[in-house]
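Here's the structure we're looking at; comments come further down.
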Amino acid sequence: MQTLFDKIWDAHRVARRADGRDLIYIDRHVLHELHAPHAFRKLDAAQRQVRRPDLTFSMQDHTVPTTPGRSDATNVQSTPFLTAMREGSRKNGIRLFDIGDPEQGICHVVAPELGMVLPGATHAVPDSHACTVGGLGALAFGCGTTELEHILATQVIAIKRLKRMRIRLDGALAPHVTAKDVALRVIAEVGIAGGRGHAVEYAGAAVKAMSIESRLTLCNLSIEMGARSGLVAPDDTTFAWIAGRPWAPQGAAWDAALAHWRTLASDEEAEFDREVMLDCSALEPQITWGTDPSQVTGVSGRVPELSSIAPGQEGAFRCALDYMGLRPGMALAGLPVERVFIGSCTNSRLPDLEAAAAVVRGRHVAERVVAMVVPGSSTVKRQAEAVGLDQVFRAAGFFWGESGCSMCAGGNGDRGEAGERCVSTTNRNFEGRQGKGVRTHLASPATAAAAAITGRIVDVRQMLAGES
């Protein structure tokens with residue numbers, strides 16, 4: 001009896017090394033300009049070539065400016081990265097999604113929407129959130145620069161076989177409670193190291209009811225609990241979503257692929273190394289209060305008291321509160337907010353923007369709040385503009401940007417100011433992540449939009465009910 005992870009792993013296992021690591025064949029990988037140029041230079045120095053350029057794709061996403069009308073000169077700090085990515089991709093014969101390409105965007109957003117990543121496939125990206133595409137039933141790995149060099153040269157990754165964790169999410173989500181809220185709650189329950197050494201399979205009624213975009217969000221945050229990868233078994237929802245995408249199989253190839261994909265589920269008697277269960281039926285919108293994604297509470301909750309903190313964690317607790325400007329027992333609702341960011345590989349797809357726009361429509365950003373929306377891809381941007389979402393955000397006082405990673409890590413110059421409290425749809429909230437001294441609260445697009453409109457942390461359900 002095998003889990004979904006076992007089936008994909010065994011189908012891609014080439015050999016076992018003397019050190020106990022398996023060599024896993026990588027079906028496709030997507031590079032980005034922050035790390036790939038260094039791997040290209042190392043390959044050049046070793047006089048090695050990219051083994052399968054036809055299975056390799058380059059994306060300009062981490063450092064690209066998001067300002068409308070952008071060019072290489074918009075943010076001079078980005079220019080060396082963009083230039084090096086072009087040269088390395090050209091020299092190695094790799095398809096590049098450059099600034100101005102109609103399909104440019106964040107690698108973890110573009111790969112699924114083009115059909116680059118498919119159920120049962122393996123995928124590698126020099127970015128920790130590669131696990132995002134597990135929402136399609138793929139097994140994805142983030143890799144470092146040295147590891148990337150090895151993958152580019154050999155088309156395999158050397159990795160110790162992972163343990164298997166299943167997280168069963170039961171119940172139905174209430175209105176305005178999203179996959180982002182579920183993921184944050186899971187990290188709060190499991191901890192930032194609870195998934196270490198594991199591939200996580202998400203299952204249960206709540207997952208089954210999720211859209212593919214929601215499953216991508218759920219898997220995106222797997223790395224934040226220490227897991228190496230996260231995935232959801234593909235089903236009819238998956239197949240319908242993939243059908244017709246530019247690089248998805250067609251005709252007889254589609255029929256053959258579909259027959260294989262239907263076998264990609266954990267066997268009934270398959271055993272997992274760890275099982276976690278969470279009833280999502282009473283879950284409320286979640287928001288982080290500290291400086292790691294496990295420091296989470298419901299939006300109606302309070303900062304924990306010191307007495308509730310696990311032994312040995314008191315120092316980290318105090319440091320988090322000092323940085324965030326909070327005290328034990330404080331309510332989060334009502335805290336003033338100076339900045340809101342909606343975007344990133346976690347929450348920048350069309351349904352994310354639609355959820356935020358539903359909150360924003362007919363309202364205006366609160367005075368003194370800087371609010372930004374950055375679509376995850378040029379395709380998402382076009383789709384959003386086709387239905388007028390850009391007009392909704394602009395009329396409300398939001399900045400509407402070109403696609404890219406933007407303020408997630410601030411690699412393109414999009415950063416907050418020291419002391420600002422920011423509600424963000426991104427995936428990490430450690431000190432300085434979105435700018436020196438910026439205090440980041442992670443939340444869903446709807447919760448972030450509500451904060452932009454009210455100028456404070458608020459339960460979006462109460463906000464909407466109070467205005468109805």
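The values are calculated or read from the model by the stated rules, or taken from the named source; none is laboratory data. All of these numbers come straight from a predicted model, not from anything done at the bench. Glycine gets a Cβ as well: all are built from the backbone with ideal geometry, and neighbour counts include every protein chain shown. Just so you know, the surface numbers come from the protein's heavy atoms only, side chains and all, with ligands and any DNA or RNA stripped out. Shrake-Rupley method; radii C 1.70, N 1.55, O 1.52, S 1.80 Å.
Return the equivalent ellipsoid semi-axes of the range 105-147 as a descending list in whole Å, where each equals the square root of 5 times an eigenvalue of the C-alpha gyration tensor. Walk me through the intermediate numbers first.
Values: eigenvalues 54, 28, 11 Å².
Semi-axes (√(5λ), whole Å): 16, 12, 8.
Out of all DSSP beta bridges in the range 1-107, what portion is antiparallel? Express it as a percent rounded to 5. Don't skip to the end; give the middle numbers.
Details: 3 of 10 bridges.
Roughly 30 percent of the DSSP beta bridges within the range 1-107 come out antiparallel.
At a threshold of 8 angstrom on Cα-Cα distance, excluding pairs fewer than six apart, so keeping six or more, what relative contact order does the chain reach in percent?
Details: 1106 pairs, mean separation 80.4, N = 468.
This gives 17 percent for the chain.
How much of the DSSP beta bridge set in the range 314-468 is antiparallel, as a percent to the nearest 5?
Numbers: 1 of 14 bridges.
Here the antiparallel bridges make up roughly 5 percent for the range 314-468.
Per DSSP H run of at least 4 residues, take -39500 (n - 2.57); add these up for the chain, divide by its residues and hand me the 222 nm value, nearest 500 deg cm²/dmol.
-9500 deg cm²/dmol
Got a number for carbon plus sulfur as a percent of the chain's accessible area, 1.4 Å probe?
On the way: 8870 of 17420 Å².
Carbon and sulfur together cover 51 percent of it.
Roughly how far apart, in whole Å, are the Cα centres of the range 391-441 and the range 69-143?
Answer, in whole Å: 21.
Could you derive backbone 3J(HN,Hα) for the range 68-83 from the dihedral phi with the Karplus parameters 6.51, -1.76 and 1.60 (θ = phi - 60°), listing whole Hz in sequence and x where the residue is Gly or Pro?
x, x, 4, 8, 4, 7, 4, 10, 4, 5, 7, 3, x, 5, 5, 5
Amide H neighbours of I106 under 5 Å, at least 5 residues apart or on other chains, H built in the peptide plane: list them.
Under 5 Å from the amide H of I106 lie the amide H atoms of S377, G404, each far enough along the sequence or on another chain.
Pull out a ≥ b ≥ c, the square roots of the eigenvalues of the alpha-carbon gyration tensor of the range 104-225, then state rounded if a/c is under 1.5, prolate if not and a/b is larger than b/c, and oblate in the remaining case. Spell out each step's value before the answer.
Details: a/c = 2.10, a/b = 1.50, b/c = 1.40.
Prolate.
For the range 4-12, in order, what is each residue's ³J(HN,Hα) by Karplus, 6.51 cos²θ - 1.76 cosθ + 1.60 with θ = phi - 60°, in whole Hz (x at glycine and Pro)?
4, 4, 4, 4, 6, 4, 5, 5, 10
Give the percent of DSSP beta bridges with both residues in the chain that are antiparallel, rounded to the nearest 5.
Working: 13 of 55 bridges.
Counting only bridges with both partners in the chain, antiparallel ones make up about 25 percent.
How large is the Rg to Rh ratio of the chain when both quantities use alpha carbon positions and Rh follows Kirkwood?
Details: Rg = 21.4 Å, Rh = 22.4 Å.
Rounded to two decimals, Rg over Rh is 0.95.
May I ask you to evaluate 6.51 cos²θ - 1.76 cosθ + 1.60, the Karplus curve with θ = phi - 60°, for each residue of the range 50-63 and list the ³J(HN,Hα) values in order in whole Hz, giving x for glycine and proline?
Per-residue couplings from phi come out as 5, 5, 10, x, 6, 10, 10, 9, 10, 10, 8, 9, 6, 10 Hz.
Please list Y202, Y25 in order of solvent-accessible area, largest first, computed with a 1.4 Å probe with all protein chains present. Don't jump to the answer; show the numbers that get you there.
Values: Y202 5, Y25 70 Å².
From most accessible down to least: Y25, Y202.
From the C-alpha coordinates alone, can you work out the Kirkwood hydrodynamic radius of the range 361-468, in Å? Walk me through the intermediate numbers first.
Working: mean 1/r = 0.0691 Å⁻¹.
Final number for the Kirkwood radius of the range 361-468 is 14.5 Å.
Leaving out ligands, DNA and RNA but keeping every protein chain, what accessible area does W400 have, in Å² rounded to the nearest 10, with a 1.4 Å probe?
Probe radius 1.4 Å; accessible area of W400 about 10 Å².
Largest first, what is the accessible-area ranking of T132, T83 with a 1.4 Å probe?
On the way: T132 0, T83 70 Å².
My answer, sorted largest first, is T83, T132.
What whole-number value in Å² describes the accessible area per residue of the chain for a 1.4 Å probe? Walk me through the numbers on the way to the answer.
Working: 17420 Å² over 468 residues.
That works out to 37 Å² for each residue.
Pop a pseudo-label 7 angstrom from the Cα along the beta-carbon direction at both Q47 and E103 and give the gap in nm to one decimal.
Modelled inter-label distance: 3.6 nm.
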